[in-house]
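Input: a single structure, listed below in structure tokens.
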Amino acid sequence: MLLQFDADYTTPCATLLPMNTTELLSQIEGEISLLNQVRALLAGTSNGTRPAGRPVHKKRFMSAESREKIAAAQRKRWAKQKAAK
């Protein structure tokens with residue numbers, strides 16, 4: 001603990017307990033890590049890097065053959081619609 005409490009353990013005194021610098025820095029780093037985890041949870045992120053929920057999808061690529069089939073089908077629909085007029 002960083003603060004020294006009075007005899008009934010209710011109110012902290014103004015003096016800090018003697019600690020070496022390494023121990024103090026270690027405790028501060030632990031608190032910072034804990035606060036970062038809490039912040040990430042409150043912000044809706046799993047690890048603080050990106051929002052949780054929607055997964056990232058890879059871009060889908062279509063082969064030239066598939067594009068040509070789709071284009072041919074669309075030209076056929078256009079021709080049918082033009083012939084109906």
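Here is a check on your reading of the model: is residue 15 in a strand (DSSP E or B) and modelled with pLDDT under 80? Considered against the rule, which asks whether it is in a strand (DSSP E or B) and modelled with pLDDT under 80, residue 15 comes out as yes.
Considering only residues in segment 52-78 that are assigned to a loop (DSSP other than H, G, I, E, B) and of a type in the set (A, V, I, L, M, F, W, C), the one that is nearest to the chain's Cα centre (by Cα) turns out to be 52.
The values are calculated or read from the model by the stated rules, or taken from the named source; none is laboratory data. Note that the structure is a prediction, hence the values are computed from the model and not measured.
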